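The values are calculated or read from the model by the stated rules, or taken from the named source; none is laboratory data. Everything numeric in this text was worked out from a predicted model, so none of it was measured. Reconstructed Cβ throughout: ideal geometry from the backbone, glycine too, with neighbour counts over all protein chains shown. SASA here: full protein model, heavy atoms, side chains in, ligands and nucleic acids out. Shrake-Rupley method; radii C 1.70, N 1.55, O 1.52, S 1.80 Å.
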Number of protein chains: 2
Amino acid sequence: VATKRRTSLAIAVDAMGGDHAPRAVVEGAFAAATQDEIPVLLVGQEELVRQELARLGDPCRRIEVVHAEEVVGMDEPATAPLRRKRRSSIRIACDLVGKGRAQAVVSAGNTGAVMTAAMKAMGTIPGVDRPALAAILPSRSGRTVLLDVGANVSTKPHHLRQFAVMGHLYAQQVLGTPRPRVGLLSVGEEEGKGTDLTREVFRVLKETGLNFVGNVEGRDLFAGTVDVVVCDGFVGNVVLKASEALAQMVREMIEEEIRSSLRTRVGAALVMPALRGLKRRTDPNQFGAAPLLGVQGGCFVGHGRSSATGVRNAIKRAAEFCAHEVHEKIREQMALIHQQEVAVLGAGALEAEAN
Amino acid sequence: VATKRRTSLAIAVDAMGGDHAPRAVVEGAFAAATQDEIPVLLVGQEELVRQELARLGDPCRRIEVVHAEEVVGMDEPATAPLRRKRRSSIRIACDLVGKGRAQAVVSAGNTGAVMTAAMKAMGTIPGVDRPALAAILPSRSGRTVLLDVGANVSTKPHHLRQFAVMGHLYAQQVLGTPRPRVGLLSVGEEEGKGTDLTREVFRVLKETGLNFVGNVEGRDLFAGTVDVVVCDGFVGNVVLKASEALAQMVREMIEEEIRSSLRTRVGAALVMPALRGLKRRTDPNQFGAAPLLGVQGGCFVGHGRSSATGVRNAIKRAAEFCAHEVHEKIREQMALIHQQEVAVLGAGALEAEAN
């Protein structure tokens, strides 16, 4: 299967996912195919998708349309692609990766449904009990990987240990951080601070051989003092959504303030480049999407409000992920950890822990 | 005791708390005493405090200095004011409220130590199992009360029910929201979303008679769609610290972008009012401090980096809290709830729940 996948570099894109689908998705995919030269399989209601493509002019040989008659709505249950919506764009796009026709899937649709379909179609990497959704946040000095941001609301210490290993590999392979600093999200820096769960995870992470820097606080997410931050999916989801909304509110507030203090067009024109610069640094569309780590292939979940630029960037991130063979490296690392643990603990203890 | 307290409107201020103490604290207290006409008891190392007061010119008759020889450091355990540091400014300032010499305490010092000393000196309101620290966040249409933000890292459903009642009363009495919308912080709007704890709390909050609007997500904190948001102290603390750091980072980024795009002093001068306007709307110093709700008196914990303006605003918030008799209203409401519950459940069931 691994060989088969490497023959094709295509990214399967859910044309029907997101608030601005299919238009923004098709535009973003078109830009990725033409300007970034990434082969794309556009999955969705064929007639609609072809209409949008026709609007964009010349046909692009790097785009192939794959028909999917159904669409999973944003409010449908995460299990929809497994049951009532087996012919949905989300399910079919994920299946293309499972069958080796694409290396990764990109969707700005129903997050839970994308994760469920990806796990079903691609399978989970051996040694990973739960895949984790990772957000790539802007910080003062680069990027911080925060995981899990919503794949799992209740987690055990060994799940967080697996998240730490996967986040470390993503930061190292894709973001180019040679020795990523890994922190545990808590409410104080000292080892004893936090909940029963975080105290146990602290102990577990100290023993991993990762560059574990201890507990970090909410403010460290943006400080550039840590590269990978692990937490359970409930906390991660709340903090991610709050951060996105706050960054947007602050951007809107500064625009309002500038409008009300600069009454002239000349004044407003003067500060436009600064506002664009700010947006480039803080808008989630700029990074594009969150990788689901731990499945046997690439899976990127975009923001529901993804613009064409957001979709294009998500496709670029997915192509980078495949080029760096991140999921293969996670698989190798998990196999190595498993061997070491069997040597130390014996297989029985591990089975008990996994339950 | 209640009568005795009402005879004095003074606010006890910990002159030694915060990164810029005692200078910023004394300046803020001086402004509150002279410009806002609020009587202040300044608690700290007398010589240092008097030096700072002398620097500010004329003596103010509304300021009294109360000597405290010790200072609790930011890294000391929360129990320091009860044990090794009984002569600390935090402990003595809280004791002034306990003894009825002041109505409220304000400190920008060690949050855990302030909470511990306040609970010890003032006592907890009957019916409140755990006091909660509430953050007052800026939103698109006003203010959102988020609690708990760090007083309790592991909570039970009935604690969150008490937080909801206290947050409701704060929003109604102090922020002037007639019928505050109360939400439960979770990872999806539907009733079934979240953890075992949030699902149970959802059920409990539906039965309170509060204006419960259901689950809210991280983005709702700033959207102006909800007035009071309850969560456990771990999640609340992480999201508060992340939000403060992000707002500051975005403000710094816009300043950098403006500096690099506007090379002239004229251009920079043009946008200064807009930046000041943004800061006024998003800087934690503007609201001043977080109330600790559920103790028998006023207690406001300021940000460690509080400026003189932050301290002055914290003192104003504490004076408002006392003028609206919020803690008396929480006491009345808790007594009422207790009576109703005894009538419905019988006292035995309540005792079992409290443990």
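Considering only the range A:24-125, give the strands (runs of 3 or more DSSP E) lying wholly within it that have at least 2 residues that are in contact (Cβ under 8 Å) with a residue 24 or more places away in the chain and over 17 Å from the mean Cα position of the chain (by Cα).
A:40-44, A:63-67
Got at least one residue in the range B:259-274 being touching a residue at least 24 places away in the same chain (Cβ under 8 Å), surrounded by fewer than 21 Cβ atoms within 10 Å (Cβ to Cβ) and over 22 Å from the mean Cα position of the chain (by Cα)?
No.
Please tell me if B:Phe163 is outside any loop (DSSP other than H, G, I, E, B), of a type in the set (Phe, Trp, Tyr) and farther than 25 Å from B:Ala289 by Cβ.
So B:Phe163 does not fit the description; no.
In this structure, does A:Leu146 turn out to be in contact with an Asp or Glu (Cβ under 9 Å, 6 or more places away or on another chain), surrounded by 23 or more Cβ atoms within 10 Å (Cβ to Cβ) and within 14 Å of chain B (Cβ to nearest Cβ)?
no
Going by the structure shown, is B:Lys241 open to solvent by 20 Å² or more (accessible area, probe 1.4 Å) and in contact with a strand residue (DSSP E or B) (Cβ under 7 Å, 6 or more places away or on another chain)?
When the stated conditions are applied, B:Lys241 does not pass them.
Select from the range A:244-256 the residues that are within 30 Å of A:Arg179 (Cβ to Cβ) and surrounded by fewer than 24 Cβ atoms within 10 Å (Cβ to Cβ) and list them in ascending order.
A:Glu244
Just to verify a result, which residue in the range B:192-202, among those that are open to solvent by 40 Å² or more (accessible area, probe 1.4 Å) and out of contact with any Pro (no Cβ under 8 Å at 6 or more places or on another chain), is modelled with the highest pLDDT?
B:Arg199
Which of the residues belonging to the range B:155-191 are crowded, with 16+ Cβ neighbours inside 10 Å and over 23 Å from B:His338 (Cα atoms)?
Within the range B:155-191, B:Val174, B:Leu175, B:Thr177, B:Leu185, B:Ser186, B:Val187, B:Gly188 qualify.
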